[in-house]
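Comments concern the structure below.
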Amino acid sequence: MKIAAVQMVSTPSVETNLAAAHRLVGSAAAAGAGLVVLPEYFCFMGKSDRDKLAVAEHPGEGPIQRALAEMAREYGIWLIGGTLPLAVDAAVDAAAAAADGGRVMNANLVFSPRGEVAARYDKMHLFAFDNGRERYDEARTLRAGRTPVAFDADGWRVGLSVCYDLRFPELYRALARPPCDLVSVPSAFTYTTGLAHWEVLLRARAIENQCYVVAAAQGGTHENGRRTFGHSLVVDPWGEVVACRRDDGEGIVVAELHRERIADVRRQLPALEHRLAL
């Protein structure tokens, strides 16, 4: 299976971002990718955190979701649609909708080659960081998800995660029942945290779970002044980086997954079998 990670430098214009995503997904499909991953916040990077509330969609409706469905259907691919802001569904969770005071979900939607929603994962861990120069607190505008999610893409078990989730190995262990073949990590890592931790964390998650990891990132300086780290990449089950975009700016990285590679690593080093019920 060939996969691709899309790197973007998203703007406050949903229309501009959707056009860029469509072009880059088309390039990935032309390169033979059957599964494509967009970065976190691919559709919108506002001037302030609260700007995302104005473009939030309801589940199953809205231009961002329609665009994702159309891309998946047009190119006949599995599309892991980065993240988009989705309103809390009052019909499902009325108490949460009433209590959230305008917060939304940072939702990771997966579309099948027929353009249908195949899975939805709501980001569980909300980023907070303050080094005296940069300050972030996603919990001010986002509500945390509650449930790990994996799905089947043509016989490949794919686990879903988003950005800050990467720092919590217990999530990936929860996804490993049964073990995943691939884990996706659409992200918008800051330059500061990415420079320090991005690649080592991604390689660690691949090594621990003996699976491929694909990370599609925001990469560059955005109109709101935020600088994201980029370095979209694919890691194999031994922790080797098999594809990476080292430059800022939009682009794609493409890699081929091999079931034999997963099987060989797990046979030679049966760490997944040696896990203890602690």
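Tabulated results
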| quantity | calculated |
| --- | --- |
| Tensor-based shape of the chain (alpha-carbon gyration tensor, a/c under 1.5 rounded, otherwise prolate or oblate) | rounded |
| Check: the chain dipole with +1 on Lys, Arg Cβ and -1 on Asp, Glu Cβ, in debye | 340 |
| Heavy-atom accessible area order for Lys2, Lys47, Lys123, largest first, 1.4 Å probe | Lys47, Lys2, Lys123 |
| DSSP bridge orientation in the chain - percent antiparallel, rounded to nearest 5 | 65 |
| Accessible-area value, Thr11, 1.4 Å probe, nucleic acids and ligands omitted, Å² | 20 |
| Choice from Leu201, Leu68, Leu79 showing the highest fluctuation, given a GNM over the chain with Cα pairs closer than 10 Å | Leu201 |
| Global form of the range 1-154, assessed from the alpha-carbon gyration tensor, a/c cut-off 1.5 | prolate |
| For Ser232, distant residues with modelled amide H under 5 Å away | Ala217, Arg245 |
| The chain: most fluctuating residue of Gly32, Gly251, Gly132 per GNM, C-alpha cutoff 10 Å | Gly132 |
| Whole-Hz ³J(HN,Hα) from phi, Karplus 6.51 cos²θ - 1.76 cosθ + 1.60, for the range 215-228, glycine and proline x | 10, 9, 10, 6, x, x, 9, 8, 4, 7, x, 6, 10, 9 |
| Part-to-part distance (alpha-carbon centres) for the range 116-162 and the range 14-59, which is given in Å | 15 |
| Tensor-based shape of the range 32-75 (alpha-carbon gyration tensor, a/c under 1.5 rounded, otherwise prolate or oblate) | oblate |
| Candidates Gln218, Gln268, Gln210, ranked by Gaussian network fluctuation over the chain, Cα under 10 Å, top entry | Gln268 |
| Built amide H within the under 5 Å cut-off of Gly82, gap 5+ | Leu38 |
| Within the accessible area of the chain (1.4 Å probe), percent carbon and sulfur | 51 |
| Average accessible surface area per residue within the chain, 1.4 Å rolling probe, Å² | 42 |
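The values are calculated or read from the model by the stated rules, or taken from the named source; none is laboratory data. The model shown is predicted, which means the values in this text are computed figures rather than measured ones. Cβ: placed from backbone, ideal geometry, glycine included. Neighbour counts: every protein chain shown. Remember, those area values only see protein heavy atoms, side chains included, never the ligands or the DNA or RNA. Shrake-Rupley method; radii C 1.70, N 1.55, O 1.52, S 1.80 Å.
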